[in-house]
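Student: Let me give you the structure first, and then I'll get to my questions.
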Amino acid sequence: MRTIRVSAAEDADFHSIREALQSLMPGYPEPVTILLSPGTYREKVEVRRPDVTICGTGTPEETVIVYGDYALKMYDENRKYGTFRSYTFLLDGDRNTLRNLTVQNDSFPRKKVGQAVALYADGDGILVEKCHLESFQDTLFTGPLPPKAMSVGGFIGPKEFAPRVMGRHHYLHCRISGDVDFIFGSAVCYFEDCDIICRNGLTDADQAPETGVLGYATAASTPEGYPYGYVFARCRFLSDGCPAGSFYLGRPWRDYAKTVLIQCYLDAHIRKEGFHDWGKPQAHDTVLYAEYESSGPGASKKRADFVRILTEEEAAEYTKEKVLSEAALTGEKDG
């Protein structure tokens, strides 16, 4: 296994992450570990190969990868950049790992920049451990893309024409922050002991919606027939200055969205309905939105009528071992 060291120091192998990645010959067969010294790396990073580990050698706060692309950015011929090219970090490949670092998209405010992805993760066996993922709208995209975009050009980006291959992701001891649909996509994801931070992406001059809703933590697009989508186990849904009742736990980007909370803490910013249907009444019969033993001021047993409160026996189907098993990708069991 090859190890590469990236730092501002003169004796480092490379001084940027992109240079380190470009040093790998196409088809390089061995796993690679890239160690990042503490510092701020302002660059757009693209990992397009399997078996790469990128690890900060300090705390997540000390090692920051940041960029500022955004969906409403204009480029040649007055076309918009789009959501799926706005990422700071593209992690595209199987068995890739991020550890001990921050990935940030610092575009702001939301009404002027639109979607601004921090991490675009697509592949099987992805592990993101002890990382901070920070933006506002669309912070974390868990590929693959849904089969079809809702509008022409809606999926323009690095995987627009790629096969839609399902994968499993594990997010462990992470801090993920944003405001609108800031965890979204199709992958099978197990979020374990993570802090999900709801933020206000509006400036003081902007007016909050009349409904008082500032955002939605998740927007899953689980494909039809798959047993698992997003599972949050022992996570904390916390507020960064958001008023009580101003956030939903999620809404369905596609009609078969699955999002399940197991023994999570919910602060007062979570609305009593829990989940929103995104104006899709037909999805009431197809989504799986469920909770088991939620606690905190945002917990409630009187959720929207399409939200389930799981029994102990039902909750036992959502262990890490089951969610991240090979069977989770077969689509044979409908949860």
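Student: Looking only at the stretch 148-162, decide whether some residue is under 22 Å from V323 (Cα atoms) and at pLDDT 95 or above.
Tutor: no
Student: Kindly indicate whether Y75 is farther than 17 Å from L127 by Cβ, among the aromatic types (F, W, Y), buried (at least 16 other Cβ atoms within 10 Å of the Cβ) and at pLDDT below 95.
Tutor: no
Student: If I go through the stretch 146-175 residue by residue, how many of them are farther than 16 Å from T97 by Cα and either hydrophobic (A, V, I, L, M, F, W, C) or exposed (fewer than 15 other Cβ atoms within 10 Å of the Cβ) (or both)?
Tutor: 16
Student: Give E77, E46 a once-over and let me know the one that is more than 24 Å from the chain's Cα centre (by Cα) and among the acidic types (D, E).
Tutor: Going through E77, E46 in turn, the sole match is E77.
Student: So if I check each of L140, L119, L90, L101, which one is touching a residue at least 60 places away in the same chain (Cβ under 8 Å), out of contact with any Lys or Arg (no Cβ under 8 Å at 6 or more places or on another chain) and surrounded by 23 or more Cβ atoms within 10 Å (Cβ to Cβ)?
Tutor: None of the other options fit; the residue is L101.
Student: Tell me which residues, restricted to the stretch 143-197, are in contact with a Lys or Arg (Cβ under 6 Å, 6 or more places away or on another chain), hydroxyl-bearing (S, T, Y) and over 18 Å from T330 (Cα atoms).
Tutor: S177
Student: Filter the strands (runs of 3 or more DSSP E) completely within the stretch 238-335 down to those with at least 2 residues that are of a type in the set (S, T, Y) and crowded, with 17+ Cβ neighbours inside 10 Å.
Tutor: Passing ranges, in order: 288-292.
Student: Out of all the residues in the stretch 129-139, is one or more assigned to a loop (DSSP other than H, G, I, E, B) and either hydroxyl-bearing (S, T, Y) or out of contact with any strand residue (DSSP E or B) (no Cβ under 7 Å at 6 or more places or on another chain) (or both)? Give the derivation first.
Tutor: Quick first cut of the stretch 129-139, residues assigned to a loop (DSSP other than H, G, I, E, B) only: 130-131, 135-139.
Subset that is either hydroxyl-bearing (S, T, Y) or out of contact with any strand residue (DSSP E or B) (no Cβ under 7 Å at 6 or more places or on another chain) (or both): 135, 139.
Yes, some residue in the stretch 129-139 is assigned to a loop (DSSP other than H, G, I, E, B) and either hydroxyl-bearing (S, T, Y) or out of contact with any strand residue (DSSP E or B) (no Cβ under 7 Å at 6 or more places or on another chain) (or both).
The values are calculated or read from the model by the stated rules, or taken from the named source; none is laboratory data. Worth saying up front: this structure is predicted, and the values here are computed from it rather than measured. Backbone-built Cβ (ideal geometry, glycine too); neighbour counts: all protein chains shown.
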